[in-house]
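Only the coordinates and a few stated rules stand behind these numbers; no lab work does. A quick note: this is a predicted structure, and the numbers were derived from the prediction, not measured. All Cβ positions, glycine included, derive from the backbone under ideal geometry; neighbour counts span all protein chains shown.
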Amino acid sequence: MKKTIFLSTVAAAAVACSACTGAKAQPEASADGGNASRDSIPAVYFIKEITPENLVKIYNALGRKAEGNNVAVKLSTGESNKSNHLDPTLIAPLVKEVNGTIVECNTAYDGNRNSTEKHLEAAREHGFTTIANVDIMDADGEVKIPVEGGTHLKYDIVGKNFLNYDFLVVLSHFKGHAMGGYGGALKNISIGIASSNGKAYIHTAGKVEDAGDLWNNLPEQDAFLESMAEACKGVIDHMGDKVIYISVANKLSVDCDCDGDPETPKMGDIGILASLDPVALDRACVDMVFNSEDPGKADLIERINSRHGTHTIEHAEKLGLGSQKYRIVTIE
């Protein structure tokens, strides 16, 4: 049974504004034309209980089937055994339902996933190779795809094998991130689909294309955040409507799954969210953190705000990738 709930009451807005600087109240649909009509506001589906069955249920609720000969499921395979990456047993039924291949690209920093050999070994150790084939998309090289209307990027550098897929399931673990403030759908398709050199290109806001030069060329923070959004545009323009977005908000550490020794989560799990609009999805996830009654949210809010993390969402909306206005559809 589905129930539509709008996160747009005056009370919710007051809570959000008292907790942080980034959250926006979502305007309730109005029949008198004072606000956008209900049908024009993107739906973000929500299930509180995080189970394998509910992942499949929320996928079906989206109404867009993963079709094609090659379906990519983009997720993080996790840097170490301490990382808070998604549990393979949680996602296995969904990956099977879409007949997907788990896809990743190598990292741009020293660690357990900066080469294809090590990356595949990490995926095996973490249990992902037992549920599906795993494709490290830049194992055989990289390609450039255009970015239209970007301020910093003219193209995105992605793993060569990305071009082999005709549907993309963006399966994200929502949590914090040391550099971006938070990691969700937008980061998963920007940094996540970029090759190792492509990651350097995004992180440096278009200055360099060599992972070895990354750390000596870091730009002003907002330029990095805007570059993530611009890389998203390249991926989304390439895929068209052959993409869906599902985020699992659990193990809400301030650190990303790319951190091999992340901070212990202080906040309780929120649930599963999904949308056809990645901007709405990321904004809804952030808002649920900001509006939560869980006192453990303070560290994650500080991480997001101190990195100006919601600017990625703002720039993605400016680029036409989606809307920060949304309606929550709770699935019971």
| What angle, in degrees between 0 and 90 and rounded to the nearest 10, separates the Cα long axis of helix 116-125 from the longest principal axis of the Cα atoms of the chain? | 50
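With N residues in region 184-265, what two-decimal value do you get for its Cα radius of gyration over 2.2 N^0.38 Å? Walk me through the numbers on the way to the answer.
Working: Rg = 13.9 Å, N = 82, 2.2 N^0.38 = 11.7 Å.
That works out to 1.18 for region 184-265.
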| field | Rounded to 5, the percent of DSSP beta bridges in the chain classed as antiparallel | value | 50
| field | Magnitude of the charge dipole, the chain, Cβ model with Lys/Arg +1 and Asp/Glu -1, debye to 20 | value | 720
| message | Compute the helix-to-body angle for 88-97: its Cα long axis versus the longest principal axis of the chain, expressed 0 to 90° and rounded to tens. | response | 90
| note | Ranked from fewest to most other Cβ atoms within 10 Å of their own Cβ, Arg307, Arg113, Arg283 fall in the order Arg307, Arg113, Arg283
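Please state the charge dipole magnitude for region 179-332, taken about the Cα centre, from unit charges on C-beta atoms (+1 on K and R, -1 on D and E), reported in debye and rounded to the nearest 20.
On the way: 14 positive and 25 negative charges, 64 e Å.
That gives region 179-332 a dipole magnitude of about 300 debye.
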| How many percent of the alpha carbon pairs in region 207-332 exceed a separation of 23 Å? | 40
| request: For each of Val143, Val286, count neighbouring Cβ atoms within 10 Å of the residue's Cβ, then give the residues from fewest to most. | output: Val143, Val286
| task | Please report the base-10 log of the normalised intensity I(q)/I(0) for region 130-268, using a Debye sum with one equal scatterer per alpha carbon and no solvent, at each q in 0.08, 0.09, 0.16 (1/Å). | result | -0.21, -0.27, -0.86
| query | Sorted from fewest to most neighbouring beta carbons within 10 Å, what does the list Glu293, Glu209 look like? | reply | Glu293, Glu209
| Mind listing the phi-derived Karplus ³J(HN,Hα) values for region 251-263, rounded to whole Hz, using 6.51, -1.76 and 1.60 with θ = phi - 60°, and x for any glycine or proline? | 6, 7, 6, 6, 10, 7, 5, 7, 8, x, 9, x, 5
| message | As I understand it, the value is the acute angle between the Cα axis of helix 278-290 and the longest principal axis of the Cα atoms of the chain; what does it come to in degrees, rounded to 10? | response | 70
| said: Can you compute log10 of I(q)/I(0) for the chain with the Debye formula, treating each Cα as one identical point scatterer, at q = 0.13, 0.14 Å⁻¹? | reply: -0.91, -1.08
